[in-house]
Amino acid sequence: MTNPTATGRIGRFRTALAESPPLLWSFLFFFCLLSGYYVLRPVRDAMGASSDVEAVFPPEMIAFFAARGIQLQELILQVLSTCTFVLILIAQPIYGALVSRFPRRVFLPVLFGFFILCLFVFHALFDSQVAGRGMAFFLWMTVFNVFSVAVFWSFMADVFSHEEAKKYYGYIGAAGTIGAFTGPLITRALAEKVGLANLMLVSAGFLAACVVCIWRLRRWALQREVKIGRDNESAMGGDVLAGLKLIAKEPLLRWLAAMVFLGVGIGHLLYNQQAVIAREGLATAEARTAYYAGIDIAVNVLTLVVQLFATRWLLSRFGLAPVILIPMAALLLGFAVLTASPLPIVVAIVQVVTRSNEFSLMKPGRETIYTRVDRQWRYKAGAAIDTAFFRGGELTFSWTYRALAMFGSQVVFGFGLLMAGLMTASAWRLLREEKKLPSKEPPSP
């Protein structure tokens, strides 16, 4: 028997595609982007959890730390997080220079072309079993994920108006979730048959499809620019640190940066403590693998359900407030329960709800803000928030966790509850600043 509700949702999606031709290409763009990323994510995680230190770190680095009595086996994730943050700080000005000096038609294909070229390099490194390939790949994957997603949503704000974003971002987010399903399935099916090196080529194929989508979407971005009397195709100008300067200057951006910093930090506390609880509560590697696999499946299922049935409705009918405040309420409740009872099943439930809320509600909600501001905010400040502040939160809370862990999981989650309170306060301030934005986009600077 056909489910009338499901049929209605499919019908509304078809109607949306008919109303907005760029929605199909945006859907394909995000699907291919996250499929390409998730094909490689298991490889990155395997490198981060590897017991083969020589595969992860260069021999010179291993010898340097060993000479000082430090065994890298015990600090793999902390060292990788620290190196990632340093790399992000280096990459951010380079990205700023790219978007300042080149028009969109140049820097978007160039950025994705660079990522594709890197994948061919990693194909050679993994095929030759070069020592230290794990660290290089882990760091590159982080930079690729952060910048590519930031650029994607910035480009979407060029294509869609604020009202269109509220109608269509839920569908586009769902495309990413479907890609997040597809990528691991491809990896699971092909990894042992074709090897890790050839997975790089599979991912490169998805990124090549992204370039095609960029080229097709450029038409509608240009049409929108003509309609609103703006030129987003020329180079933006400005200095390479303009994004950080905008964040320091604009209250809305400061609160947005605070939310991202605290959000990733809280997630990192949960992720690290979850690993400890799983290791202590589940006796075998197979049981722990099943535990984590179950969490990933539940996250993706819940994310897709919310994206298809709630995100668009909430954004269209009520605006930004519910998609920001509902996750905040869930986060406060979840960490309050964890502080009282940090059981593995409770940790798993909070992890599923927290991650799915971020993907299905908070991220699409935050991105609608950028449809009402000029592209300096979108491409520079937005990228700075999604890179420097995101990875800064990861680094800060990674080492904070190690300091808190000696006092037990309840202290860790109690601290997380405090941070969730600060994040909720930041969300309130963000919503107050968002109401001050003009109903229409300002003219180009």
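For this structure, a couple of remarks:
- For region 85-98, a residue qualifies if it is modelled with pLDDT of 80 or more and either outside any helix (DSSP H, G or I) or in contact with a helix residue (DSSP H, G or I) (Cβ under 6 Å, 6 or more places away or on another chain) (or both), and exactly one does: 87.
- Restricted to region 122-174, and to residues there that are open to solvent by 20 Å² or more (accessible area, probe 1.4 Å), assigned to a loop (DSSP other than H, G, I, E, B) and hydrophobic (A, V, I, L, M, F, W, C), the residue that is modelled with the highest pLDDT is 130.
- Helices (runs of 4 or more DSSP H) completely within region 305-379 that count 1 or more residues being within 20 Å of the chain's Cα centre (by Cα), over 24 Å from residue 179 (Cβ atoms) and of a type in the set (Val, Ile, Thr): 320-340, 344-357
- Scanning region 344-357 for residues that are in contact (Cβ under 8 Å) with a residue 60 or more places away in the chain and open to solvent by 40 Å² or more (accessible area, probe 1.4 Å) yields a count of 2.
- Some residue of region 112-127 being touching a residue at least 12 places away in the same chain (Cβ under 8 Å) and in contact with a Cys (Cβ under 6 Å, 6 or more places away or on another chain): yes
The values are calculated or read from the model by the stated rules, or taken from the named source; none is laboratory data. Just so we're clear, the structure is a prediction, and the values are computed from it rather than from any experiment. A quick note on method: Cβ atoms are made from the backbone with ideal geometry, for glycine too, and the neighbour counts reach across all protein chains shown. Keep in mind that these areas ignore ligands, DNA and RNA; they rest on the heavy atoms of the full protein, side chains included. Shrake-Rupley method; radii C 1.70, N 1.55, O 1.52, S 1.80 Å.
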